[in-house]
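Engineer: The structure's right below; bear with me while I get my questions together.
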């Protein structure tokens, strides 16, 4: 099979990207925004990085408190997520109230967790680096919360993707999408190739 690839120049696009809600500050009026520039970068300790534009009100809250939450919205929250990505809290708007969402306090830091998101990560800032007009925040995940309805069974920490139904973002196209169906089991499907090359 032949293909012709065209050079597109340096782009900030990976496909797909997670679409999360970041919250920090007070429980009744937190800084809250939608973010896609986020990923896990280590497991010991559990660590993620997120890039936030320097003009965001939520960034000021994170810098002041040293903590924040990452909240995974389902596709049913797409309207609220889009609103939270466009509206500015710098004008005094209570974005949480306007989106008709609610919060509860994280057990480790008291940072706001969004109740309507079924999966939440409570994070403490490790370091921040300025890259262009973004602040890249490295943070340790100090606690994880999952609604029982999304866990595969009572003893498990494994989340059912069908039950979570996470919203994803497609950069460039500016689209929200849902995950597709399972393709294969990781750390299993490639075993036949390993056997073939022994």
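Engineer: Residue 146: touching a helix residue (DSSP H, G or I) at 6+ places or on another chain (Cβ under 9 Å) and exposed (fewer than 14 other Cβ atoms within 10 Å of the Cβ), yes or no?
Structural biologist: Criteria not met by residue 146.
Engineer: Next question. I need a count of the residues in region 151-161 that are farther than 24 Å from residue 124 by Cβ and surrounded by 10 or more Cβ atoms within 10 Å (Cβ to Cβ).
Structural biologist: The first filter runs over region 151-161 and keeps only residues farther than 24 Å from residue 124 by Cβ, leaving 151-156, 158, 160-161.
Applying the additional criterion that residues be surrounded by 10 or more Cβ atoms within 10 Å (Cβ to Cβ) yields 151-152, 156, 158, 160-161.
Going through region 151-161 one residue at a time, the tally reaches 6.
Engineer: Still on this model: Do we find that residue 117 is touching a strand residue (DSSP E or B) at 6+ places or on another chain (Cβ under 6 Å), surrounded by 14 or more Cβ atoms within 10 Å (Cβ to Cβ), in a loop (DSSP other than H, G, I, E, B) and in contact (Cβ under 8 Å) with a residue 24 or more places away in the chain in this structure? I'd like the intermediate steps shown before the answer.
Structural biologist: Working: touching a strand residue (DSSP E or B) at 6+ places or on another chain (Cβ under 6 Å): yes; surrounded by 14 or more Cβ atoms within 10 Å (Cβ to Cβ): yes; in a loop (DSSP other than H, G, I, E, B): yes; in contact (Cβ under 8 Å) with a residue 24 or more places away in the chain: yes.
Considered against the rule, which asks whether it is touching a strand residue (DSSP E or B) at 6+ places or on another chain (Cβ under 6 Å), surrounded by 14 or more Cβ atoms within 10 Å (Cβ to Cβ), in a loop (DSSP other than H, G, I, E, B) and in contact (Cβ under 8 Å) with a residue 24 or more places away in the chain, residue 117 comes out as yes.
Engineer: Now for a separate question. Please list, ordered by first then second residue, the pairs with beta carbon atoms under 7 Å, 6 or more apart or interchain, first in region 57-84 and over 13 Å from residue 114 (Cβ atoms), second assigned to a helix (DSSP H, G or I).
Structural biologist: Note: pairs meeting the criteria are 57/89; 57/90.
Engineer: Still on this structure, I have one more. Which condition number in (1) closer than 18 Å to residue 103 by Cα; (2) in contact (Cβ under 8 Å) with a residue 60 or more places away in the chain is the one that residue 22 fails?
Structural biologist: (2)
Engineer: If we keep just the residues of region 25-49 that are modelled with pLDDT of 95 or more and within 18 Å of residue 106 (Cα to Cα), which is surrounded by the most Cβ atoms within 10 Å (Cβ to Cβ)?
Structural biologist: So the residue we want is 48.
Engineer: In addition: If only one of 169, 176, 134 is surrounded by 13 or more Cβ atoms within 10 Å (Cβ to Cβ) and modelled with pLDDT under 95, which one is it? Please lay out each step first, then the result.
Structural biologist: Numbers: 169 fails: modelled with pLDDT under 95; 176 fails: modelled with pLDDT under 95.
Checking each option against the conditions leaves just 134.
Engineer: Let me ask something else. Of (1) at negative phi; (2) touching a helix residue (DSSP H, G or I) at 6+ places or on another chain (Cβ under 6 Å); (3) touching a residue at least 24 places away in the same chain (Cβ under 8 Å), residue 160 satisfies all except one. Which?
Structural biologist: (3)
Engineer: Condition first: at pLDDT 95 or above, within 15 Å of the chain's Cα centre (by Cα) and closer than 23 Å to residue 165 by Cα. Can you find one or more residues in region 50-58 that meet it?
Structural biologist: yes
The values are calculated or read from the model by the stated rules, or taken from the named source; none is laboratory data. Since the model is a prediction, treat every value here as computed from it, not as a measurement. No Cβ is skipped: glycine too gets one built from the backbone with ideal geometry, and neighbour counts run over all protein chains shown.
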